Amino acid sequence: MIPTTPADMILTDIPGPLAFQDATWNLTGLFVHDPFILGFIRRIRDHLNVTPFRWVHGAPLSFRWNGGRVDPAFRITREAMDQTLQAYKALDTGCMLTFSNRFVTERDLDDPECNYLLTALDGCCSHKNGVIVASDILADYIRKKHPDLHLMASIIKVTCERGTGDLAYY
């Protein structure tokens, strides 16, 4: 077979569709590159008959709890967030929000958009979804409000704590 697309070129080099049976893969770009990612997941699934990624992670760029690439001009509607989460659910792929702002305070916990997204994520196949956090305040809040969501420590948290954090958290 002559490769005709980038996905074909990548997939023809794999010795078998399940060459790495025990590996789990994650991909970044949630809420930023969704049309491309969803198409890529469908292509791999259809070509190899596997669900290629455990999680897609990211966050809307303008959200207060997002500590990474913040773009105040980035806007996303609640309807678009819901549709995005449902699209990943339909492909059996979990979503991990990257709420990696390590400077979240108690006052920030009442942010309506962040809370809406947490509730939507929790209500959409929560056992597959979770949140990557750098703030203990935010982690405790999520544990209390959304105990079914998986929590993971951000690399930002790990780096700032220099190995002094709670290993169970990581």
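Can you tell me which residues in the range 138-170 are of a type in the set (Val, Ile, Thr) and modelled with pLDDT of 95 or more?
Hit for the range 138-170 is Ile142, nothing else.
Quick one: is Asp111 under 16 Å from the mean Cα position of the chain (by Cα), of a type in the set (Asp, Glu) and modelled with pLDDT of 90 or more?
When the stated conditions are applied, Asp111 does not pass them.
Does the range 23-37 hold any residues that are of a type in the set (A, V, I, L, M, F, W, C) and modelled with pLDDT of 90 or more, and which are they?
Leu30, Phe31, Phe36, Ile37, listed by residue number.
The values are calculated or read from the model by the stated rules, or taken from the named source; none is laboratory data. Everything quoted here is computed from the prediction, not taken from an experiment.
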